[in-house]
C-alpha cells in the first residue's frame, strides 16, 4: 500500500512541475513575441529589414518614418499598417 501512495505522490509532483514549467515557457514566449513580433517584421526581414531601410534612407526621426510610410513611394503597400504598427516600428528602431 505504501508503494502505491508514494507513486501517486511522485506522479502528482511530476505533473505539477511539468505544468509549471510549461506555463512559464508559454508566458516567456508570449512576452518575447509581443515585444518584437509585429506586422512590419513579417515583410521587412533579411535584405529588406527595417534597420537596413532606415539606414539606406537616412531616417533620423519617427516623423520621417511616418511620412515615408504614409506618403512615400511605397505608401500603397502600407495602407493596412495601423498607427500602432508604426509606433511599434518606431520603438523597435529606437527613433527619437
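Rule-based calculations on the coordinates, nothing more; no lab input. Because the structure is a prediction, the values reported are computed rather than measured. Cβ: placed from backbone, ideal geometry, glycine included. Neighbour counts: every protein chain shown.
Miscellaneous remarks
- Between residue 51 and residue 25, the modelled labels are 2.8 nm apart [label points 7 Å from Cα along Cα→Cβ].
- Cα-based shape type of the stretch 38-96, given that a ≥ b ≥ c are square roots of the gyration tensor eigenvalues and the cut on a/c is 1.5: rounded
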